[in-house]
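Each remark here refers to the structure printed beneath this line.
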């Protein structure tokens with residue numbers, strides 16, 4: 001028969017392993033970005049989700065601000081990704097842009113619509129909304145970024161001088177911190193009981 005001490009140690013070890021495994025797997029990848037160039041200013045955060053391919057992630061969220069004095073000229077908060085269905089094999093086309101919202105962390109195999117790029121975004125790029133009425137498409141072409149913007153459903157103004165920079169960070173989700181805190185409290189409680 002197994003002793004109580006062995007069972008407690010086994011259960012504690014199993015819970016600790018589960019705690020750390022779930023904490024490590026519950027992280028989201030974020031990319032901070034800045035957009036600059038003549039008449040352009042923008043910054044914010046992208047949320048990335050793994051596609052299972054280490055060379056490409058899907059952009060699933062965006063926040064920040066953007067402004068341009070070019071074309072129609074506008075400024076405002078980024079209100080989200082352009083809704084619609086898209087994929088790497090069948091990017092969405094609309095009146096302003098073609099986009100797939102894919103991010104290439106290794107800067108390899110960034111190919112869309114027959115054009116390749118050695119950048120973090122492919123030729124179809126990232127498409128987001130500003131102030132609920134403007135649409136912006138940031139895309140890589142060759143060795144640089146380009147940007148098209150305009151009213152949703154309207155004509156696009158193309159900025160060929162866009163400059164974009166990205167910086168990666170891993171942000172644990174709040175639920176991961178709650179899970180870790182619960183594990184620590186359970187451990188402290190078990191130790192107090194054992195010492196009493």
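The values are calculated or read from the model by the stated rules, or taken from the named source; none is laboratory data. Note that this is a predicted model, so its numbers are computed, not measured. FYI the Cβ positions are ideal-geometry reconstructions off the backbone, even for glycines, and counts take in every protein chain you see.
Counting only strands (runs of 3 or more DSSP E) that sit completely within segment 106-159, those holding 3 or more residues that are modelled with pLDDT of 75 or more and closer than 19 Å to residue 41 by Cβ correspond to 126-130, 134-141, 144-151, 157-159.
Would you say residue 92 is buried (at least 17 other Cβ atoms within 10 Å of the Cβ), within 23 Å of the chain's Cα centre (by Cα) and at pLDDT 90 or above? Walk me through how you get there before you give the answer.
Details: buried (at least 17 other Cβ atoms within 10 Å of the Cβ): yes; within 23 Å of the chain's Cα centre (by Cα): yes; at pLDDT 90 or above: no.
Taking the combined requirement at face value, the residue does not satisfy it.
Of these, 35, 62, which one is at pLDDT 90 or above, under 17 Å from residue 125 (Cβ atoms), outside any helix (DSSP H, G or I) and more than 10 Å from the chain's Cα centre (by Cα)? Lay out the reasoning, then the answer.
Details: 62 fails: more than 10 Å from the chain's Cα centre (by Cα).
None of the other options fit; the residue is 35.
Against the definition (surrounded by 14 or more Cβ atoms within 10 Å (Cβ to Cβ), farther than 30 Å from residue 74 by Cβ and at pLDDT 75 or above), how does residue 172 come out, yes or no? No; evaluated as a whole, the condition is false for this residue.
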